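These notes concern the structure reproduced below.
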Amino acid sequence: MNRIHCKLAHGFQQSGEIQNGFGKLSDEERCEMFARCGIRHAAAYGLQAAFCALTAKAALDGAAADRARIGIISNGGPWSADAALAFLRSIDERGHQFVNPLTLPATLVSAAPTASAAVVGARAFAFAAGFDELAFFEVLMRAHQLLRRDVANHVVALGCCTGSEALHGALETLGQSTCVFDCAIGILLSAQQSAPDASPATGFALSGAMMGVERHPWPAVTRRYKGELGEDGLISFPLEQPLSRGRAFSASGAVLCQAAMDDIGRTQTGPCEFVVSCVKGDTTGAALFTWRP
Amino acid sequence: MNYPHIVDVGAVTSLGLDWPSTWQALLAGRARITTTADMHLFEPTVFPVSAVENLDREIRGSANGPCAGLFDRLLSQAPATPDARIYASTNHGESDLLRSFLRGLTSEQADALLGEPLALTARGRASFTYAACAGGLHAAVHAAFDCADGITEKAIVVSADALSLIETVGFARAGALGKQGARPFAADRDGLLIGEGGAGLVFGVGPYSDDGIHILGIGMSCDAFHPTDPDPSGESLARAITMCLEDAGLQPEHVEAVVAHGTGTKKGDAIELAVLQRVWGRAPLRVTSVKGQVGHLMGAAGLLNLLVACEASRSGKLPPTVSRTGEQPDPAVVTGCYASITPGAAVLCLASGFGGNNVAVLVGRRQHG
């Protein structure tokens, strides 16, 4: 099977507490995201859609690729809830006749990936997958599957999230006061013959991804980074990573994969395989990567 | 390609609370159009809708609203399959929940908002796909891929949407609603009919009978053009159809019928028909859309189309499209009574969604693949 190359991408620049597409943005930085993301009426779509578009742009930057062979998959989740709430409020406050119909598309979970696809011209497919902390593994699973089936040459796998009124309201109802991070991490997955890197034989590659009841997928692989979701919504992980202090919900898998890839890049001088996984209840989401320095 | 075969199907629509009654009504050309006023919904404005009879629309404390009720009914129609993976899709299933949010959430609703959508957990974890009105068909595609890849031998695919204030008001304000229902492909069509309901099917891998209907080919694309309008060139939709035919190893002339997306809007129907004419050229083709009868089921529309395509192939009967008496919108469009096609014939089903996702799935007996 051809190698599926991975290239990490971030929707944020490094600044202050923001590192590698993850942290807490200021209000000014949030406004800047809307201005830069390229989505028309971006504020109606919300910050998660803006993050997705920025990350997709970063992932495809410099890639001379047939846009009809690029797909986008983002993490599902409650990200359209604020747009839906705003729409409902508009109905309550102004009446049916005065609602702005341009705000309807943003009320869909698929708004973020399709808006991102319009920004970068990705015309193979654009959808969202998954709904919880394991969602990004489902995103990787679908991306890997569609690349193997030659539906696309490149897939931008997006793990993006931000706090929102709906999210904070739900957390407050549950009496949970955990921090919700801003996250804009993506992985550009490319079939070998289409890899943008100059040295396609090196770097990270995705060998597989799964979602299921197997507690130890790919048992022969010894290097494993296994996360576990606690009842408090925080994720324990063998590496120092921010999800032990706050939440990224359905973008969590992207944070864990990035942490593992950073660790591998720092510590491994030779080729290796490694598994990144997260367990939630009786379900495991996992991805198998290879590394060639 | 070792795609799965269809083991069982289920549906809940305005025409019937199960698939057999829905199918018989579709074949007979029946349509059920009511208004939101009849159900005291979304007042004071009155909208024409195609609503499921006696659907419990209350949200009582827990996270279960009418969309969850639809999923419950669909899953109860599926045979007990303990090892089956579940694949699901919805557009605004959660909007019932959000109306409660404005009045204060319960803890169950908060849990649901944070990650456990609707009531699917009773059967086990579901793999959700969100692709607007192409979502249900996308979920079926992922299930078919997983079956073909050996990830699962049995898959249950469910998709549902209940009447949503967001969608009803949104489409009305966009001028997209037909004044008295939808008449897909009709010359004087004036918009779509909001519907509700759900569709479900069970895929299986392994020994199949000669009568078995299989997935034969799959194609997909994205317009990347506009948040709501389809690309007027139709290039992307044509590409999805061509990909599907190539995947099946078939030529257009091997396909006898199409269950089109056919919403009843001026632009959408024109583009879709033009693409079909372009791909099929002079090759004979029968086209239908069921949205004039059951309305637009939103996230579930594509999966319902797949059920119609499967049943049409199995039975050799393609349901008619709603039209005015004596009208012939296009020679290819089936109107009046059902059209006879070859049992087991290759039938294409299409779905398109906001943001430009297009999905094409070909079904039929294996010898066509």
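The values are calculated or read from the model by the stated rules, or taken from the named source; none is laboratory data. What you are looking at is a predicted structure, and each value in this text was computed from that prediction instead of being measured. Methodologically, a virtual Cβ is constructed for each residue, glycine included, from the backbone with ideal geometry; neighbour enumeration extends over all protein chains shown.
A few comments on the model shown:
- Comparison of A:Ala191, A:Ala157 shows that the only residue that is at pLDDT 95 or above and in contact with a helix residue (DSSP H, G or I) (Cβ under 7 Å, 6 or more places away or on another chain) is A:Ala157.
- The helices (runs of 4 or more DSSP H) found wholly in the stretch A:15-67 and carrying at least 2 residues that are over 28 Å from B:Phe354 (Cα atoms) and out of contact with any Ser or Thr (no Cβ under 9 Å at 6 or more places or on another chain) occupy A:27-36.
- Whichever residue in the stretch A:154-180 is farther than 17 Å from A:Ser74 by Cα and outside any helix (DSSP H, G or I) and, among such residues, is nearest to the other protein chains (Cβ to nearest Cβ): A:Leu174
- Selected residue [within 9 Å of chain A (Cβ to nearest Cβ), buried (at least 24 other Cβ atoms within 10 Å of the Cβ) and β-branched (Val, Ile, Thr)] from B:Ile218, B:Ile194: B:Ile218
- Residue list for the stretch A:112-151, restricted to those being within 7 Å of another protein chain (Cβ to nearest Cβ) and modelled with pLDDT under 95: A:Gly130, A:Phe131, A:Asp132
- The stretch B:144-179 - residue that is more than 16 Å from B:Gly295 (Cβ to Cβ) and touching a strand residue (DSSP E or B) at 6+ places or on another chain (Cβ under 6 Å) and, of those, nearest to the other protein chains (Cβ to nearest Cβ): B:Thr152
- Scanning the stretch B:222-250 for residues that are touching a residue at least 24 places away in the same chain (Cβ under 8 Å), assigned to a loop (DSSP other than H, G, I, E, B) and more than 10 Å from chain A (Cβ to nearest Cβ) returns B:Asp229, B:Pro230, B:Pro232, B:Gly234, B:Gly249, B:Leu250.
So that you can scan it fast, the table gives a plain yes or no per residue for (1) at pLDDT 75 or above; (2) outside any helix (DSSP H, G or I); (3) crowded, with 22+ Cβ neighbours inside 10 Å:
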{"site": "B:Ala63", "(1), (2), (3)": "no, yes, yes"}
{"site": "B:Tyr87", "(1), (2), (3)": "yes, yes, yes"}
{"site": "B:Leu97", "(1), (2), (3)": "no, no, yes"}
{"site": "B:Leu105", "(1), (2), (3)": "no, yes, yes"}
{"site": "B:Gln109", "(1), (2), (3)": "no, no, yes"}
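- If you go through the stretch B:23-48 and keep only what is β-branched (Val, Ile, Thr), in contact (Cβ under 8 Å) with a residue 24 or more places away in the chain and within 14 Å of chain A (Cβ to nearest Cβ), you end up with B:Thr36, B:Thr45.
- Per-region count, the stretch A:47-81, residues within 12 Å of another protein chain (Cβ to nearest Cβ) and surrounded by fewer than 24 Cβ atoms within 10 Å (Cβ to Cβ): 4
- Here the condition is being under 23 Å from A:Leu188 (Cα atoms), aromatic (Phe, Trp, Tyr), out of contact with any His (no Cβ under 8 Å at 6 or more places or on another chain) and surrounded by fewer than 24 Cβ atoms within 10 Å (Cβ to Cβ); of A:Phe274, A:Phe289, it holds for A:Phe274 alone.
- Among residues of the stretch A:98-110, those that are more than 7 Å from every other protein chain (Cβ to nearest Cβ) and either surrounded by 24 or more Cβ atoms within 10 Å (Cβ to Cβ) or modelled with pLDDT of 95 or more (or both), counted: 1
- Filter result (assigned to a strand (DSSP E or B), modelled with pLDDT of 95 or more and among the small types (Gly, Ala, Ser)) within the stretch A:242-284: A:Ser277
- Screening the stretch B:270-369 for strands (runs of 3 or more DSSP E) wholly inside it with 3 or more residues that are in contact (Cβ under 8 Å) with a residue 24 or more places away in the chain and in contact with a Gly (Cβ under 9 Å, 6 or more places away or on another chain) returns the ranges B:346-352, B:357-364.
- Just one residue in the set A:Gly233, A:Gly208 is within 14 Å of another protein chain (Cβ to nearest Cβ), under 20 Å from the mean Cα position of the chain (by Cα) and in a loop (DSSP other than H, G, I, E, B); that residue is A:Gly233.
- Applying the set (1) in a loop (DSSP other than H, G, I, E, B); (2) touching a residue at least 12 places away in the same chain (Cβ under 8 Å); (3) among the charged types (D, E, K, R) to B:Glu58 leaves exactly one unmet item: (2).
- Residues of the stretch B:124-143 satisfying the condition of being assigned to a helix (DSSP H, G or I) and either over 21 Å from A:Val213 (Cα atoms) or more than 7 Å from chain A (Cβ to nearest Cβ) (or both): B:Gly135, B:Gly136, B:Leu137, B:His138, B:Ala139, B:Ala140, B:Val141, B:Ala143
- Yes/no for B:Asp149 being surrounded by fewer than 23 Cβ atoms within 10 Å (Cβ to Cβ), modelled with pLDDT of 90 or more and acidic (Asp, Glu): yes
- Qualifying positions in the stretch A:222-237 - under 18 Å from A:Glu273 (Cβ atoms) and at pLDDT below 95: A:Thr222
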